[in-house]
1. Which of the residues belonging to segment B:9-35 are under 17 Å from the mean Cα position of the chain (by Cα) and within 16 Å of ligand 2 (Cβ to nearest atom)?
2. Looking at B:18, B:62, B:43 in this structure, which one is within 16 Å of ligand 1 (Cβ to nearest atom), more than 14 Å from chain A (Cβ to nearest Cβ) and touching a strand residue (DSSP E or B) at 6+ places or on another chain (Cβ under 8 Å)?
3. Consider residue B:171 against the criteria (1) part of a loop (DSSP other than H, G, I, E, B); (2) within 22 Å of residue B:44 (Cα to Cα); (3) within 18 Å of the chain's Cα centre (by Cα): it satisfies all of them except one. Which criterion is unmet?
4. Quick check on segment B:187-198. Is at least one of its residues away from ligand 1 (no atom under 16 Å from the Cβ), outside any helix (DSSP H, G or I) and crowded, with 23+ Cβ neighbours inside 10 Å?
5. Of everything in segment A:39-69, what is surrounded by 13 or more Cβ atoms within 10 Å (Cβ to Cβ) and outside any helix (DSSP H, G or I)? Give them in sequence order.
6. Kindly provide the set of residues from segment B:78-95 that are buried (at least 16 other Cβ atoms within 10 Å of the Cβ) and within 13 Å of another protein chain (Cβ to nearest Cβ), ordered by number.
7. Taking residue B:171 and the conditions (1) more than 11 Å from chain A (Cβ to nearest Cβ); (2) touching a strand residue (DSSP E or B) at 6+ places or on another chain (Cβ under 8 Å), which numbered condition does it fall short on, given that it satisfies the others?
Ligand SMILES: Nc1ncnc2c1ncn2[C@@H]1O[C@H](COP(=O)(O)OP(=O)(O)OP(=O)(O)O)[C@@H](O)[C@H]1O
Ligand SMILES: [Mg+2]
């Protein structure tokens, strides 16, 4: 296989990898807020169930979770899983990352001093004004480095989709490498992941810099 | 009468179990233009009293009235009730609070710290509020700091911004909880100067402070609190110069080196 053909074949895998990446972020960043709210709920039952769920998600390998999300419907409910590969994959990624983000959000919010809430309360801000105008912007800045870490991990984690034989860049690299007895596909995949991570790190750094105007 | 607190009681759960009675039947009323200083040993309940007055803590008994609005009251069965959230909005406009730790909003510029609440809470015209804020900053000696961020200011400057932020809401009464305790002596002076200026302009104020000379100089009335009760109150010259209670004398003695 020529280098050009190889690159072209892998190109479709790269697009799929990028797809997993963005869909996971779009799903998990907001879902994390929901999980964080349940995790900090005043209802003790809701709170402990959420806490246990987060513990399970964070305490088991993502690869295993992907298999469970994919094959679960079949083994548990005897449902057909035709066409379920991609949705199952994305749900697995989104839920996993949402739990990590939820804990990051919670840590950020808990690190805010009560003084900020009290100052806002005395000035007459409503609860939602306090959250969105005073608390959230500060929390966002504080948690940005942790979010960056997760996002960079996600770039690499997308390769776990190969467990479900989803044709993202890593799966394709493996296939081509086996059929062509060539090491080149892995090299290309490696360069791709590296560049993707570099882009993410660069973007996040720009945001962090833009928020440097206060401490 | 701007503020009337009657028979206020407040307890906290004690760490060893049971309850810790922090305010025991305290009454305090403040007239328009009055400057009241509250002094007393650590743990006597001074902050708790201010926090009850500003609704950061809920009372366990008694009543709180601002202007003519009874904001909190206790019925014959001893049940405390507060007015609705909506009615509370008006009452919250009557007072401001300056914290020991300033509690400025670090992500807002100095100007925005002052203008944000009048615009977003009171819904006032942004240009008008900005003009007033610039005047307030000038009066605080911070005319050139409008675009700075709190982290770029000294503690004394931050506290003056916090005072401006409170004043921008045009409160009827301003509470201070140890406004200079987090400051070095040189910075303390510049903040006390501002408060003194406000006193001369007959701003109604209640000031919790450990600055005895300052309390003596600016206030119309001094309250000495200990163990959750008002032990003695009156004209500053009398309370400082000729205290009637032995506990007051002991406390004041601890301030002479
Ligand atoms: N949120 C709280 N929970 C439990 N106990 C509290 C709480 N706030 C205050 N207390 C207790 O109430 C008592 C009075 O505290 P307060 O802060 O009102 O004293 P203070 O007179 O302001 O003292 P200081 O001069 O040190 O500021 C203290 O014994 C304190 O431990
Ligand atoms: Mg105190």
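The values are calculated or read from the model by the stated rules, or taken from the named source; none is laboratory data. Predicted, not measured: the structure shown is a model, and the values here were computed from it. No Cβ is skipped: glycine too gets one built from the backbone with ideal geometry, and neighbour counts run over all protein chains shown.
1. Selection gives B:23, B:26, B:28.
2. Residue meeting the stated conditions: B:62.
3. Unmet condition: (2).
4. No, every residue in segment B:187-198 fails to be away from ligand 1 (no atom under 16 Å from the Cβ), outside any helix (DSSP H, G or I) and crowded, with 23+ Cβ neighbours inside 10 Å.
5. Scanning segment A:39-69 gives A:40, A:41.
6. Matches in segment B:78-95: B:88, B:91, B:92, B:93, B:94, B:95.
7. (1)
Rundown of residues vs (1) at pLDDT below 95; (2) over 30 Å from residue B:123 (Cα atoms); (3) loosely packed, with under 15 Cβ neighbours inside 10 Å, yes/no style:
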residue	(1), (2), (3)
A:121	no, no, no
A:141	yes, no, no
A:163	yes, yes, no
A:190	yes, yes, yes
A:203	yes, yes, yes
A:208	yes, yes, yes
